[in-house]
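Peer 1: Sharing a structure below in structure tokens format, with a few things to ask.
None of the figures in this text is laboratory data; all of them are computed from the coordinates on show. Computed from a prediction, not measured in an experiment: that's the story for all the values here. FYI the Cβ positions are ideal-geometry reconstructions off the backbone, even for glycines, and counts take in every protein chain you see.
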Amino acid sequence: MGVNMNVIIVGGFLNSGKTTTLIRIGRYLTDKGYKVAIILNELGDVGIDDSTFKGLGLNVSEMTSGCICCTLNINMKATLVDLQSSYDPDFVLVEPSGLAFPDRIKENIELMDLGDSVKVAPVITLIACDLFKDLMKSLKNYAIGQIEGSDILVINKSDLVSSARASLIVDSVLQLNSRAKVFPMSSEKEDSGFLKLMELTVPSVAIEGQKPETLPSSAPVTCKKTTIVLDYSGDISG
């Protein structure tokens, strides 16, 4: 049985650009015809409501709430199973709280016995260029933990600092996690960093008209543009 639901986890501290990036990823995927579900945990980057998503070209079909603070394994599993059976999204985008370790969330999901039809993408963590110095002073242990546990480290908001400063942060992060893919990204529309993020996270999406790991290359995509938003007020953590 092939993969029919891909989970993408985007971690990072408050104001690192997580929510904005999730919206950007959601728009990128829905523009290509995929169905996307977004699980939001903290709304620090932008004020989120129906008009926010619709204004960005995302069709919000449902919004609900709940808490998965202390029962991650039970509630997250139930949520993913329900999403798969009720909405059958191609992608589920998950935004943990700022203090969560995204790699632990990935491990928890992989231990949920959801079968081969669910796949978790490489763990993404965003680091805001303008906040990196303060972050390493005030929350060093958490920051290092997130960096060490990530597969993709995005040095976000690179347009807010000089190119030399952004390069220095890239080098500093690579010293903490040399196995990860580390690169800058900005909010510019044609930013090469965002395109690289998509190539690393969902490479098969670059093949127009093919759902990742679910359809043969000759099969047409018939899904409608749909985004389901689940707003969790609790802490998504391991």
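Peer 1: Going by amide H atoms built from the backbone, whose H comes under 5 Å of the H on Phe101, apart from near neighbours?
Peer 2: For Phe101, whose amide H was placed from the backbone, the distant partners under 5 Å are Gly238.
Peer 1: Can you list the HN-Hα couplings for the range 27-32, worked out from phi with the Karplus curve (6.51, -1.76, 1.60; θ = phi - 60°), rounded to whole Hz and with x for Gly and Pro?
Peer 2: For the range 27-32, the Karplus-derived couplings read 5, 4, 6, 5, 5, 9 Hz, x marking Gly and Pro.
Peer 1: Follow-up question, since we're still on this one. Please list, in chain and number order, the residues 5+ apart from Ile9 or on another chain whose amide H is under 5 Å from its amide H, with Hs placed from the backbone.
Peer 2: Val94, Ala121, Ile124
Peer 1: Something else now. Let me know the shape class of the range 100-197, please: from the alpha-carbon gyration tensor, a ≥ b ≥ c as square roots of the eigenvalues, rounded when a/c is under 1.5, otherwise prolate if a/b is greater than b/c, or oblate. Before the final figure, lay out the partial values.
Peer 2: On the way: a/c = 2.49, a/b = 1.52, b/c = 1.64.
Oblate is the answer for the range 100-197, as a/c is 1.5 or above yet b/c matches or exceeds a/b.
Peer 1: Follow-up. Could you sort 124-136, 193-205 so that the peptide with the highest average Cβ count within 10 Å comes first and the rest follow in order?
Peer 2: Per-residue mean Cβ counts within 10 Å order the peptides as 124-136, 193-205.
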